[in-house]
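Working notes for the structure below.
The values are calculated or read from the model by the stated rules, or taken from the named source; none is laboratory data. For clarity, every value in this text was computed on a predicted model and none was experimentally measured. In this analysis, Cβ positions are derived from the backbone assuming ideal geometry, glycine residues included, and neighbour counts consider all displayed protein chains.
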């Protein structure tokens, strides 16, 4: 089997890195293509994943459209030389289009509803995979699984946290500390949306600093007064840091989910967290498992963070909740490998089938 994997975000590296290892261990050829990203590409290099960067990153909407077209064209050219059996991505706009042009099968993973780009992806994808609770329906191409994308790399079968890795960078995992994530709101689907205000970020630091160290990871430049709190560990150790943390708070959806499935009390603050617009993953993580609290109201979020870090029972409660989640969810990496191999087999079977024989 020849598989193409495309990467646009650091979380995609984590999602696919065990999949890539498993496929290569089974003798399959895997070709990884990426768009320029100041976190994703270094992660690919850290994990020694062979890859090729096909396009740069862009911040303007016009630039994003131009870059997407360039990326798809370059991916098409490379795919024609590789002749893949299957192509896969999270989001998967380019993959869903290019796969048809080279006779490959496309497998796309989604976990966020209401995104405009889904309209130009899902009609073309051969398989669309989503968590079980996903609200949107994609007909016969739709496969649901009992898990979250983050469980492809944070399931206990795949993730073994190490306190020594943190101590090597000056973090004492047995001491109390919190992790904050401030993200950039410049993606196409972020137009009109927002996370924490500058004042809210400072107030959050003030609250948590009374309960231990505070470590901030931010894709935006930090103001000088918050710079001393910048993350002390390299990016690839963020999950070790989250695992031993007493609290996570911020406006990143991915990191909130990562914290929740690691039993770290998590508070997510962003405008998406309102009513019918809320993503199904977060409805389930809050209402069924109680692992992530989400709100668009900054004041409510600050009060919730203060309550969580002040309660000595919080850690034990979250660990018990995580055990319930793990008892009901799967190792997502194994599911991904199964789907990719099945779709590659489908492509081979279609090629062998005589042209005058219907399925």
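General observations
- Within the stretch 35-52, tally of residues that are modelled with pLDDT of 95 or more and either in a loop (DSSP other than H, G, I, E, B) or in contact with a strand residue (DSSP E or B) (Cβ under 8 Å, 6 or more places away or on another chain) (or both): 7
- In the stretch 54-81, residue farthest from residue 19 (Cα to Cα) [restricted to those that are surrounded by 16 or more Cβ atoms within 10 Å (Cβ to Cβ) and modelled with pLDDT of 95 or more]: 74
- Hits in the stretch 97-106 - residues which are touching a helix residue (DSSP H, G or I) at 6+ places or on another chain (Cβ under 9 Å) and either surrounded by fewer than 20 Cβ atoms within 10 Å (Cβ to Cβ) or in a helix (DSSP H, G or I) (or both): 97, 98, 99, 101, 102, 103
- Any chance residue 25 is surrounded by 15 or more Cβ atoms within 10 Å (Cβ to Cβ) and farther than 20 Å from residue 258 by Cβ: no
- All of 251, 246 fail the test of being assigned by TED's automatic domain parsing to the domain that holds residue 179, within 16 Å of the chain's Cα centre (by Cα) and buried (at least 18 other Cβ atoms within 10 Å of the Cβ), apart from 251.
- Residue check for residue 143: part of a helix (DSSP H, G or I), surrounded by fewer than 18 Cβ atoms within 10 Å (Cβ to Cβ) and modelled with pLDDT of 95 or more: no
- Failed item in (1) in a helix (DSSP H, G or I); (2) at pLDDT below 95, with residue 357 passing the rest: (1)
- Against the test of being more than 22 Å from residue 175 (Cβ to Cβ) and either surrounded by 23 or more Cβ atoms within 10 Å (Cβ to Cβ) or free of Cβ contacts under 8 Å to residues at least 12 places away in the same chain (or both), the options 300, 225 yield a single qualifying residue, 300.
- The strands (runs of 3 or more DSSP E) found wholly in the stretch 243-336 and carrying at least 1 residues that are more than 19 Å from residue 210 (Cβ to Cβ) occupy 266-269, 292-295.
- Filter result for residue 151 (touching a helix residue (DSSP H, G or I) at 6+ places or on another chain (Cβ under 6 Å), crowded, with 18+ Cβ neighbours inside 10 Å and closer than 19 Å to residue 9 by Cα): yes
- Among the numbered conditions (1) in the same structural domain as residue 148 (by TED's automatic domain parsing); (2) touching a strand residue (DSSP E or B) at 6+ places or on another chain (Cβ under 9 Å); (3) touching a residue at least 24 places away in the same chain (Cβ under 8 Å), the only one that residue 337 does not meet is (2).
- Residue list for the stretch 291-318, filter: under 22 Å from the mean Cα position of the chain (by Cα) and within 21 Å of residue 177 (Cα to Cα): 291, 292, 293, 294, 318
- Taking the conditions (1) under 20 Å from residue 217 (Cα atoms); (2) out of contact with any strand residue (DSSP E or B) (no Cβ under 6 Å at 6 or more places or on another chain); (3) modelled with pLDDT of 95 or more in turn, residue 12 satisfies each one other than (2).
- Here is the figure for the stretch 3-34: residues that are part of a strand (DSSP E or B) and closer than 20 Å to residue 71 by Cα total 10.
- Odd one out for residue 94, checked against (1) at negative phi; (2) surrounded by fewer than 22 Cβ atoms within 10 Å (Cβ to Cβ): (2)
- Selection count where residues are without any contact (Cβ under 8 Å) to a residue 60 or more places away in the chain, over 30 Å from residue 324 (Cα atoms) and either touching a strand residue (DSSP E or B) at 6+ places or on another chain (Cβ under 6 Å) or part of a loop (DSSP other than H, G, I, E, B) (or both), scope the stretch 107-140: 5
- Evaluating residue 117 against the criteria (1) at pLDDT below 95; (2) within 30 Å of residue 338 (Cβ to Cβ); (3) surrounded by fewer than 13 Cβ atoms within 10 Å (Cβ to Cβ) leaves one unmet condition, (3).
- Of the residues making up the stretch 317-331, those that are within 19 Å of residue 12 (Cβ to Cβ) and touching a strand residue (DSSP E or B) at 6+ places or on another chain (Cβ under 7 Å) number 0.
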